[in-house]
Amino acid sequence: MQNRYSQRVPMDCSVMFAGDNFVGEGRMLDLSLPGCLLESPKRLAAGEYLQLRLFLPDRQAPLHVALAAVRWVDGSKLGIEFIRTSEDEQRRLEQFVRRPPSHRSPSTWSEGIVLIGAIGQ
């Protein structure tokens, strides 16, 4: 078995995609530098070309992949290869994949905490 040339990062985030005559959405299940694993109810075939918007959990604008290809299909799961992104988007993707797991998604633990009760009792 051949080693992957980029680590896979487990994900659970939204994806929007579009082809010549369709638009769809789904979930990204993992991400690597050359592509990602998507799950979508939209039926696609291997060999189709797409544009993607990846809603990464880094609180930035969606990452735009100008050109991607569906490399394989297994039911609702799609293996996607990224073919063309801008230099800025490629840099952002590389930084996201290579950052330690604890720094990939924002910590929401402290957000929205409300203390109830009287002070000094």
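The values are calculated or read from the model by the stated rules, or taken from the named source; none is laboratory data. Since we're looking at a predicted model, the values are computed, not measured. Glycine gets a Cβ as well: all are built from the backbone with ideal geometry, and neighbour counts include every protein chain shown.
Being outside any loop (DSSP other than H, G, I, E, B) and either exposed (fewer than 12 other Cβ atoms within 10 Å of the Cβ) or free of Cβ contacts under 8 Å to residues at least 40 places away in the same chain (or both) is the filter here, so list the residues in the stretch 27-43 that pass it. Within the stretch 27-43, Arg27, Met28, Asp30, Glu39 meet the criteria. Residues being in contact with a helix residue (DSSP H, G or I) (Cβ under 6 Å, 6 or more places away or on another chain), surrounded by 15 or more Cβ atoms within 10 Å (Cβ to Cβ) and at pLDDT 90 or above are entirely absent from the stretch 80-100.
Across the stretch 44-67, the number of residues qualifying as closer than 19 Å to Ser14 by Cβ and free of Cβ contacts under 8 Å to residues at least 40 places away in the same chain comes to 11. Every listed requirement among (1) more than 19 Å from Gly26 (Cβ to Cβ); (2) in a loop (DSSP other than H, G, I, E, B) is met by Arg92 save one, (2).
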